[in-house]
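Worksheet: one structure, shown below.
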Amino acid sequence: MSSRDFVYSKFAEFYNNPSTVLPTPINFEHREFAYLMFKERFMVRHKRFESMLIFQNVLAKNVPSDVYHSCAYYDQPDLEMDKKGWTGSDLVFDIDADHIPTACGKIHDEWTCQKCEFNGRGITPEECPICGGDRFSVKTWLCDLCIESTRVETAKLIDMLTKDFGFAANELHVFFSGHRGYHVHVENEAVHSLDALSRKEIVDYVMGLGLSVLDKDVKQKTVKGSKHSTATKKFKLHNYGWNQRLKKGMITLLSNATAEDLKNLGLKNNNLFKNKDTILSRAIEEGRWDSIPGVSVATWRKLAEQVKNLESANIDTVVTTDIHRLIRMNGTLHGKTGLLKMEFPAHQLDDFDPMTQAVAFKKGTAKVLISNTPEFRLGGATWGPYKNVKVVVPTAVAIMLILKGRAEVVN
(Lines give C-alpha, C1' and ligand atoms only; values in the text may rest on other atoms or scores of the structure.)
Protein backbone atom coordinates (compact mmCIF):
# COMPACT_ATOMS: atom_id res chain seq x y z
CA MET A 1 0.00 0.00 0.00
CA SER A 2 1.35 3.43 -0.94
CA SER A 3 1.48 6.23 1.62
CA ARG A 4 -1.30 8.13 -0.13
CA ASP A 5 -3.49 5.00 -0.29
CA PHE A 6 -2.92 4.55 3.45
CA VAL A 7 -4.14 8.08 4.21
CA TYR A 8 -7.02 7.71 1.74
CA SER A 9 -8.17 4.53 3.49
CA LYS A 10 -8.20 6.31 6.86
CA PHE A 11 -10.13 9.28 5.49
CA ALA A 12 -12.60 6.78 3.99
CA GLU A 13 -13.00 5.10 7.37
CA PHE A 14 -13.71 8.48 8.96
CA TYR A 15 -16.41 9.57 6.51
CA ASN A 16 -18.00 6.11 6.41
CA ASN A 17 -18.07 5.72 10.19
CA PRO A 18 -21.67 5.97 11.50
CA SER A 19 -20.36 7.85 14.55
CA THR A 20 -19.09 10.69 12.32
CA VAL A 21 -21.82 13.30 12.49
CA LEU A 22 -21.02 16.63 10.88
CA PRO A 23 -22.64 19.74 12.42
CA THR A 24 -25.22 21.32 10.13
CA PRO A 25 -24.38 24.93 9.13
CA ILE A 26 -27.20 27.41 9.64
CA ASN A 27 -29.22 28.17 6.49
CA PHE A 28 -27.92 24.90 5.09
CA GLU A 29 -30.23 24.94 2.08
CA HIS A 30 -28.95 28.35 0.90
CA ARG A 31 -25.22 27.56 0.93
CA GLU A 32 -22.98 26.24 -1.81
CA PHE A 33 -21.01 23.08 -0.91
CA ALA A 34 -17.73 21.91 -2.40
CA TYR A 35 -15.08 19.26 -1.83
CA LEU A 36 -11.62 18.43 -3.14
CA MET A 37 -11.27 14.88 -4.41
CA PHE A 38 -8.53 13.00 -2.56
CA LYS A 39 -7.03 11.01 -5.41
CA GLU A 40 -8.02 12.93 -8.54
CA ARG A 41 -7.17 16.34 -6.94
CA PHE A 42 -9.93 18.38 -8.54
CA MET A 43 -12.60 20.50 -6.90
CA VAL A 44 -16.27 19.57 -7.06
CA ARG A 45 -18.35 22.67 -6.31
CA HIS A 46 -21.64 24.50 -6.97
CA LYS A 47 -23.47 21.76 -5.07
CA ARG A 48 -26.70 22.01 -3.11
CA PHE A 49 -28.11 19.33 -0.81
CA GLU A 50 -31.51 18.82 0.75
CA SER A 51 -30.13 17.48 4.03
CA MET A 52 -26.88 16.89 5.89
CA LEU A 53 -27.50 13.13 5.74
CA ILE A 54 -27.48 13.22 1.92
CA PHE A 55 -24.33 15.31 1.94
CA GLN A 56 -22.54 12.94 4.34
CA ASN A 57 -23.44 10.00 2.10
CA VAL A 58 -21.84 11.85 -0.82
CA LEU A 59 -18.68 12.45 1.23
CA ALA A 60 -18.58 8.79 2.29
CA LYS A 61 -18.84 7.69 -1.33
CA ASN A 62 -16.30 10.16 -2.78
CA VAL A 63 -13.82 10.47 0.14
CA PRO A 64 -12.56 14.05 -0.26
CA SER A 65 -9.37 15.44 1.23
CA ASP A 66 -11.06 18.75 2.08
CA VAL A 67 -14.68 19.88 2.44
CA TYR A 68 -16.05 23.43 2.16
CA HIS A 69 -19.23 25.47 2.20
CA SER A 70 -19.87 29.05 1.16
CA CYS A 71 -19.88 31.89 3.66
CA ALA A 72 -22.55 33.36 1.38
CA TYR A 73 -26.26 32.61 1.11
CA TYR A 74 -27.83 32.19 -2.33
CA ASP A 75 -31.29 31.74 -3.82
CA GLN A 76 -29.92 28.94 -6.03
CA PRO A 77 -26.51 27.87 -4.71
CA ASP A 78 -26.11 25.05 -7.26
CA LEU A 79 -25.98 27.39 -10.27
CA GLU A 80 -22.97 29.24 -11.71
CA MET A 81 -21.77 32.29 -9.81
CA ASP A 82 -23.59 34.91 -11.89
CA LYS A 83 -26.89 33.02 -11.56
CA LYS A 84 -26.84 32.02 -7.89
CA GLY A 85 -28.60 35.11 -6.57
CA TRP A 86 -26.45 36.35 -3.68
CA THR A 87 -28.57 37.34 -0.66
CA GLY A 88 -25.90 37.88 1.99
CA SER A 89 -22.82 36.46 3.66
CA ASP A 90 -21.44 35.77 7.11
CA LEU A 91 -18.52 37.90 8.26
CA VAL A 92 -15.56 35.50 8.43
CA PHE A 93 -12.00 35.91 9.69
CA ASP A 94 -9.06 33.58 9.06
CA ILE A 95 -6.07 33.79 11.40
CA ASP A 96 -3.26 31.66 10.01
CA ALA A 97 0.42 31.28 10.89
CA ASP A 98 1.14 31.57 7.14
CA HIS A 99 0.53 35.32 7.51
CA ILE A 100 2.32 35.87 10.83
CA PRO A 101 6.11 36.34 10.97
CA THR A 102 6.80 33.80 13.73
CA ALA A 103 10.33 32.97 14.84
CA CYS A 104 9.65 29.25 14.36
CA GLY A 105 8.66 29.78 10.71
CA LYS A 106 12.26 30.56 9.80
CA ILE A 107 13.21 27.18 11.24
CA HIS A 108 10.61 24.79 9.85
CA ASP A 109 8.89 26.49 6.87
CA GLU A 110 10.47 26.28 3.41
CA TRP A 111 9.57 27.66 -0.03
CA THR A 112 11.02 27.04 -3.49
CA CYS A 113 10.40 29.08 -6.62
CA GLN A 114 8.93 26.80 -9.28
CA LYS A 115 10.54 28.88 -12.03
CA CYS A 116 14.18 29.22 -10.97
CA GLU A 117 14.25 26.87 -7.95
CA PHE A 118 15.59 29.57 -5.63
CA ASN A 119 14.54 28.70 -2.07
CA GLY A 120 14.26 30.24 1.35
CA ARG A 121 12.70 29.91 4.80
CA GLY A 122 9.91 31.70 6.63
CA ILE A 123 6.89 33.44 5.06
CA THR A 124 6.57 32.76 1.32
CA PRO A 125 7.19 36.00 -0.64
CA GLU A 126 4.66 37.36 -3.12
CA GLU A 127 7.28 37.03 -5.85
CA CYS A 128 10.69 35.40 -6.17
CA PRO A 129 13.49 37.86 -5.31
CA ILE A 130 15.66 36.34 -8.07
CA CYS A 131 13.40 35.84 -11.09
CA GLY A 132 10.16 37.54 -10.09
CA GLY A 133 8.13 34.34 -10.37
CA ASP A 134 4.96 34.06 -8.29
CA ARG A 135 4.51 30.29 -8.04
CA PHE A 136 6.16 28.41 -5.17
CA SER A 137 6.38 24.93 -3.74
CA VAL A 138 5.82 25.31 0.00
CA LYS A 139 6.61 22.93 2.83
CA THR A 140 5.23 24.02 6.21
CA TRP A 141 5.11 22.54 9.67
CA LEU A 142 2.99 23.25 12.73
CA CYS A 143 4.30 23.57 16.25
CA ASP A 144 3.18 24.99 19.58
CA LEU A 145 4.70 28.39 18.73
CA CYS A 146 2.66 28.55 15.50
CA ILE A 147 -0.55 27.74 17.34
CA GLU A 148 0.21 30.16 20.18
CA SER A 149 0.93 33.02 17.76
CA THR A 150 -2.45 32.56 16.07
CA ARG A 151 -4.21 32.14 19.42
CA VAL A 152 -2.91 35.56 20.52
CA GLU A 153 -4.14 37.19 17.30
CA THR A 154 -7.52 35.46 17.64
CA ALA A 155 -7.91 36.70 21.21
CA LYS A 156 -7.27 40.29 20.08
CA LEU A 157 -9.80 39.91 17.26
CA ILE A 158 -12.51 38.53 19.57
CA ASP A 159 -11.90 41.39 22.00
CA MET A 160 -12.42 43.94 19.20
CA LEU A 161 -15.52 42.25 17.83
CA THR A 162 -17.23 42.18 21.22
CA LYS A 163 -16.07 45.47 22.75
CA ASP A 164 -15.63 47.76 19.74
CA PHE A 165 -18.24 46.35 17.34
CA GLY A 166 -20.71 45.19 20.00
CA PHE A 167 -21.31 41.64 18.75
CA ALA A 168 -22.72 39.29 21.37
CA ALA A 169 -20.70 36.25 22.42
CA ASN A 170 -23.32 33.89 20.97
CA GLU A 171 -22.95 35.56 17.55
CA LEU A 172 -19.26 34.61 17.36
CA HIS A 173 -18.35 31.08 16.33
CA VAL A 174 -14.70 30.19 16.95
CA PHE A 175 -13.02 27.21 15.26
CA PHE A 176 -9.62 25.60 15.12
CA SER A 177 -8.95 25.48 11.38
CA GLY A 178 -7.42 22.00 11.36
CA HIS A 179 -3.98 23.33 10.39
CA ARG A 180 -2.12 26.32 11.84
CA GLY A 181 -4.75 28.75 13.01
CA TYR A 182 -8.32 29.68 13.78
CA HIS A 183 -11.50 30.84 12.05
CA VAL A 184 -14.01 33.27 13.54
CA HIS A 185 -17.49 33.48 11.97
CA VAL A 186 -19.85 36.34 12.81
CA GLU A 187 -23.45 35.29 12.22
CA ASN A 188 -25.52 38.44 12.61
CA GLU A 189 -28.19 39.95 10.37
CA ALA A 190 -26.44 43.32 10.50
CA VAL A 191 -23.40 42.02 8.60
CA HIS A 192 -25.12 39.80 6.01
CA SER A 193 -25.72 42.55 3.46
CA LEU A 194 -22.29 44.22 3.76
CA ASP A 195 -20.49 44.49 0.44
CA ALA A 196 -16.75 43.90 -0.08
CA LEU A 197 -15.88 47.56 0.46
CA SER A 198 -17.70 47.68 3.79
CA ARG A 199 -15.92 44.51 4.89
CA LYS A 200 -12.62 46.14 3.89
CA GLU A 201 -13.42 48.93 6.35
CA ILE A 202 -13.78 46.32 9.10
CA VAL A 203 -10.48 44.74 8.05
CA ASP A 204 -8.77 48.14 8.22
CA TYR A 205 -10.10 48.70 11.73
CA VAL A 206 -9.08 45.27 13.00
CA MET A 207 -5.56 45.66 11.60
CA GLY A 208 -5.23 49.33 12.51
CA LEU A 209 -4.65 50.30 8.88
CA GLY A 210 -4.73 54.04 8.11
CA LEU A 211 -4.83 54.88 11.80
CA SER A 212 -3.54 58.37 12.59
CA VAL A 213 -3.63 60.13 15.94
CA LEU A 214 -2.29 63.40 14.54
CA ASP A 215 -4.56 64.42 11.67
CA LYS A 216 -7.35 65.66 13.93
CA ASP A 217 -4.97 67.10 16.54
CA VAL A 218 -3.38 69.85 14.48
CA LYS A 219 -4.51 73.17 15.88
CA GLN A 220 -4.08 76.66 14.46
CA LYS A 221 -2.33 79.26 16.58
CA THR A 222 -2.31 82.93 15.58
CA VAL A 223 1.06 84.62 15.97
CA LYS A 224 0.75 87.99 17.71
CA GLY A 225 1.04 90.90 15.29
CA SER A 226 0.66 88.67 12.26
CA LYS A 227 -2.23 87.96 9.94
CA HIS A 228 -1.00 84.44 9.41
CA SER A 229 -1.47 81.33 11.53
CA THR A 230 1.07 78.67 12.33
CA ALA A 231 0.18 75.04 12.84
CA THR A 232 1.07 73.51 16.19
CA LYS A 233 0.73 69.82 16.82
CA LYS A 234 -0.79 68.54 20.00
CA PHE A 235 -1.02 64.86 20.86
CA LYS A 236 -4.08 63.50 22.63
CA LEU A 237 -6.17 60.33 22.87
CA HIS A 238 -9.81 59.97 23.90
CA ASN A 239 -11.40 56.94 25.53
CA TYR A 240 -13.12 55.23 22.60
CA GLY A 241 -12.20 52.70 19.92
CA TRP A 242 -8.60 52.62 18.82
CA ASN A 243 -7.69 55.64 20.96
CA GLN A 244 -8.67 53.69 24.06
CA ARG A 245 -6.78 50.64 22.79
CA LEU A 246 -3.67 52.75 22.26
CA LYS A 247 -3.88 54.11 25.81
CA LYS A 248 -4.29 50.65 27.33
CA GLY A 249 -1.50 49.33 25.13
CA MET A 250 0.81 52.13 26.23
CA ILE A 251 0.11 51.32 29.88
CA THR A 252 0.91 47.64 29.31
CA LEU A 253 4.03 48.36 27.25
CA LEU A 254 5.55 50.99 29.53
CA SER A 255 4.68 49.09 32.72
CA ASN A 256 6.60 46.01 31.63
CA ALA A 257 9.29 47.25 29.23
CA THR A 258 12.95 47.72 30.04
CA ALA A 259 15.03 50.47 28.47
CA GLU A 260 16.46 47.84 26.12
CA ASP A 261 12.96 46.68 25.12
CA LEU A 262 12.02 50.23 24.12
CA LYS A 263 15.24 50.60 22.13
CA ASN A 264 14.52 47.39 20.26
CA LEU A 265 11.13 48.82 19.29
CA GLY A 266 12.84 51.89 17.86
CA LEU A 267 11.92 54.09 20.84
CA LYS A 268 15.35 55.52 21.63
CA ASN A 269 14.09 58.50 23.67
CA ASN A 270 15.33 57.55 27.15
CA ASN A 271 12.80 59.90 28.74
CA LEU A 272 10.09 57.32 28.03
CA PHE A 273 11.79 54.90 30.38
CA LYS A 274 13.06 57.38 32.98
CA ASN A 275 9.67 59.08 33.28
CA LYS A 276 7.45 56.02 32.83
CA ASP A 277 5.63 56.44 36.18
CA THR A 278 4.90 60.10 35.45
CA ILE A 279 3.80 59.22 31.91
CA LEU A 280 1.43 56.55 33.19
CA SER A 281 -0.24 58.85 35.73
CA ARG A 282 -0.02 62.32 34.23
CA ALA A 283 -0.02 61.79 30.46
CA ILE A 284 -2.05 58.63 29.86
CA GLU A 285 -4.47 58.69 32.79
CA GLU A 286 -4.95 62.48 33.06
CA GLY A 287 -4.46 63.28 29.37
CA ARG A 288 -1.70 65.85 29.99
CA TRP A 289 0.43 64.67 27.08
CA ASP A 290 2.45 67.88 26.78
CA SER A 291 3.51 67.88 30.44
CA ILE A 292 6.37 65.39 30.15
CA PRO A 293 9.73 67.14 29.62
CA GLY A 294 11.73 65.82 26.68
CA VAL A 295 8.87 63.78 25.15
CA SER A 296 7.73 65.36 21.89
CA VAL A 297 4.67 64.80 19.74
CA ALA A 298 6.89 62.81 17.37
CA THR A 299 7.86 60.48 20.23
CA TRP A 300 4.24 60.01 21.29
CA ARG A 301 3.35 59.21 17.72
CA LYS A 302 6.17 56.67 17.43
CA LEU A 303 5.06 55.05 20.69
CA ALA A 304 1.47 54.92 19.44
CA GLU A 305 2.61 53.29 16.18
CA GLN A 306 4.46 50.55 18.06
CA VAL A 307 1.47 49.94 20.32
CA LYS A 308 -0.79 49.77 17.28
CA ASN A 309 1.40 47.00 15.85
CA LEU A 310 1.11 45.09 19.11
CA GLU A 311 -2.64 45.61 19.61
CA SER A 312 -3.89 45.03 16.04
CA ALA A 313 -5.09 41.58 14.96
CA ASN A 314 -3.18 39.94 12.10
CA ILE A 315 -5.75 38.33 9.79
CA ASP A 316 -5.94 37.09 6.19
CA THR A 317 -7.55 40.17 4.63
CA VAL A 318 -8.72 38.39 1.45
CA VAL A 319 -10.93 35.92 3.33
CA THR A 320 -12.89 38.64 5.13
CA THR A 321 -13.51 40.85 2.11
CA ASP A 322 -14.56 38.04 -0.27
CA ILE A 323 -18.36 37.85 -0.12
CA HIS A 324 -18.37 34.58 -2.14
CA ARG A 325 -15.69 32.83 -0.09
CA LEU A 326 -15.66 29.08 0.47
CA ILE A 327 -14.62 28.15 4.02
CA ARG A 328 -13.61 24.79 5.45
CA MET A 329 -16.58 22.94 6.93
CA ASN A 330 -16.83 22.31 10.66
CA GLY A 331 -16.20 18.70 11.70
CA THR A 332 -14.28 17.72 8.54
CA LEU A 333 -10.67 16.65 8.08
CA HIS A 334 -7.91 18.98 6.95
CA GLY A 335 -6.05 17.64 3.94
CA LYS A 336 -2.66 18.93 5.17
CA THR A 337 -2.75 17.41 8.66
CA GLY A 338 -5.62 14.94 9.12
CA LEU A 339 -6.78 17.06 12.07
CA LEU A 340 -10.36 18.24 12.51
CA LYS A 341 -11.75 21.68 11.96
CA MET A 342 -13.77 22.02 15.14
CA GLU A 343 -15.75 24.63 17.03
CA PHE A 344 -15.29 25.51 20.69
CA PRO A 345 -16.66 28.32 22.91
CA ALA A 346 -14.80 31.61 22.54
CA HIS A 347 -14.15 31.81 26.28
CA GLN A 348 -12.22 28.52 26.07
CA LEU A 349 -9.66 29.87 23.60
CA ASP A 350 -6.86 29.89 26.19
CA ASP A 351 -7.57 26.32 27.27
CA PHE A 352 -8.30 24.68 23.92
CA ASP A 353 -5.41 22.42 22.82
CA PRO A 354 -5.69 21.56 19.10
CA MET A 355 -2.91 19.01 19.25
CA THR A 356 -4.99 16.79 21.53
CA GLN A 357 -8.63 17.88 21.10
CA ALA A 358 -8.64 18.09 17.28
CA VAL A 359 -7.16 14.61 16.74
CA ALA A 360 -9.56 12.53 14.65
CA PHE A 361 -7.69 9.21 14.50
CA LYS A 362 -7.21 7.78 17.97
CA LYS A 363 -6.72 4.08 17.22
CA GLY A 364 -4.12 1.99 15.43
CA THR A 365 -0.47 2.38 14.50
CA ALA A 366 1.64 2.43 11.35
CA LYS A 367 5.30 1.90 10.55
CA VAL A 368 6.77 4.82 8.63
CA LEU A 369 10.12 5.97 7.27
CA ILE A 370 10.55 9.55 8.47
CA SER A 371 12.86 11.81 6.50
CA ASN A 372 13.27 14.80 8.80
CA THR A 373 11.07 16.41 11.47
CA PRO A 374 11.60 18.64 14.50
CA GLU A 375 10.23 17.63 17.88
CA PHE A 376 6.45 18.00 18.01
CA ARG A 377 3.37 17.24 20.10
CA LEU A 378 0.34 15.29 18.92
CA GLY A 379 -2.28 13.19 20.66
CA GLY A 380 -1.03 13.88 24.17
CA ALA A 381 2.57 12.80 23.52
CA THR A 382 5.80 14.30 22.21
CA TRP A 383 7.48 12.85 19.11
CA GLY A 384 10.83 13.30 17.41
CA PRO A 385 13.04 14.82 16.37
CA TYR A 386 13.48 12.27 13.58
CA LYS A 387 15.89 11.97 10.70
CA ASN A 388 15.95 9.07 8.25
CA VAL A 389 14.50 6.57 10.71
CA LYS A 390 11.88 3.83 10.61
CA VAL A 391 9.50 3.93 13.55
CA VAL A 392 6.04 2.71 14.58
CA VAL A 393 3.77 5.63 15.48
CA PRO A 394 0.03 6.14 16.13
CA THR A 395 -2.17 6.51 13.05
CA ALA A 396 -2.75 10.25 13.64
CA VAL A 397 1.00 10.90 13.76
CA ALA A 398 1.63 8.82 10.62
CA ILE A 399 -1.11 10.65 8.70
CA MET A 400 0.20 14.09 9.60
CA LEU A 401 3.79 13.17 8.71
CA ILE A 402 2.72 11.74 5.34
CA LEU A 403 0.51 14.73 4.48
CA LYS A 404 3.36 17.07 5.41
CA GLY A 405 5.71 15.20 3.07
CA ARG A 406 7.92 14.05 5.93
CA ALA A 407 7.28 10.30 5.92
CA GLU A 408 6.30 7.24 3.88
CA VAL A 409 4.54 4.06 4.93
CA VAL A 410 6.78 1.02 5.31
CA ASN A 411 4.88 -2.01 4.00
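What the table below lists for this structure:
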quantity	calculated
Cα-Cα over 20 Å, subset of Lys263/Lys302; Lys83/Lys341; Lys39/Lys387; Lys139/Lys387; Lys362/Lys387	Lys83/Lys341; Lys39/Lys387; Lys362/Lys387
Spatial separation of Cα centroids for the range 57-135 and the range 291-333, in angstrom	20 Å
Cα pair distances exceeding 17 angstrom across the range 85-163, given as percent	57 percent
Spatial extent of the range 361-411: Rg and Dmax, with the Cα atoms as the point set, Å	9.7, 26
Net charge dipole size for the chain [Lys, Arg +1 and Asp, Glu -1 on Cβ; Debye, nearest 20]	1280 debye
Distance between modelled label sites at Leu36 and Ala103, nm, 7 Å Cα→Cβ extension	3.1 nm
Debye, to nearest 20: dipole size of the range 361-411, +1 on Lys, Arg Cβ, -1 on Asp, Glu Cβ	80 debye
Average Cα contact separation per residue, the range 361-411, under 8 Å, 6 or more apart, as relative contact order %	46 percent
Calculated from backbone phi, Karplus (6.51, -1.76, 1.60) coupling profile of the range 103-118 in Hz, x at Gly/Pro	5, 6, x, 6, 9, 10, 9, 10, 9, 9, 5, 6, 8, 10, 6, 5
Accessible surface of the chain, 1.4 Å probe, proportion on carbon and sulfur as whole %	50 percent
Accessible-area value, Phe165, 1.4 Å probe, nucleic acids and ligands omitted, Å²	70 Å²
Dipole axis of the range 4-132 (+1 Lys, Arg; -1 Asp, Glu on Cβ), positive-most option in Ala60, Phe49, Trp86	Ala60
Accessible surface, the chain, averaged per residue in Å² (probe 1.4 Å)	50 Å²
Overall dimensions of the chain as given by Cα atoms, namely Rg and Dmax in Å	25.3, 94
Loop-resident sites, the range 13-69, for trypsin sites (Lys or Arg not before Pro), counting at most 10 other Cβ within 10 Å (DSSP)	Arg41
Calculated log₁₀ intensity ratio I(q)/I(0) where the Debye formula runs over C-alpha points of the range 274-411, q = 0.11, 0.13, 0.19 Å⁻¹	-0.67, -0.76, -1.11
Note, ³J(HN,Hα) from phi for the range 350-365, Karplus 6.51, -1.76, 1.60, rounded to Hz, x at Gly and Pro	5, 9, 6, 10, x, 6, 10, 7, 9, 6, 8, 9, 10, 10, x, 9
Thr87 long-range amide H proximity, modeled H, under 5 Å	Tyr73, Tyr74, Asp75
Point-to-point label distance, Asp290-Asn27, nm (Cα→Cβ direction, 7 Å offset)	5.1 nm
Signed unit charges on C-beta, dipole axis of the chain, positive-most listed residue Ser198, Ser296, Val184	Ser296
Gain in span if fully extended, Lys274 to Thr382, counting 0.36 nm per residue against the direct Cα distance	34.4 nm
Simple spin-label estimate for Lys61 and Gln348 in nanometres, 7 Å along Cα-Cβ	3.5 nm
In order through the range 167-172: 3J(HN,Hα) via Karplus (6.51 cos²θ - 1.76 cosθ + 1.60), integer Hz, x for Gly, Pro	6, 6, 4, 6, 8, 9
Amide H contacts under 5 Å for Met342, placed H, 5+ residues apart	Phe176, Gly178, Gly331
Mean separation of Cα contacts under 8 Å, 6 or more apart, over the residue count of the chain: relative contact order %	18 percent
Exceeding the 27 Å Cα-Cα cut-off - candidates Lys106/Lys404; Lys106/Lys274; Lys236/Lys308	Lys106/Lys274
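The values are calculated or read from the model by the stated rules, or taken from the named source; none is laboratory data. What you see is a predicted model, and the numbers here were worked out from it, not measured in a lab. FYI the Cβ positions are ideal-geometry reconstructions off the backbone, even for glycines, and counts take in every protein chain you see. The accessibility values were calculated without ligands, DNA or RNA, using every heavy atom of the protein model including side chains. Shrake-Rupley method; radii C 1.70, N 1.55, O 1.52, S 1.80 Å.
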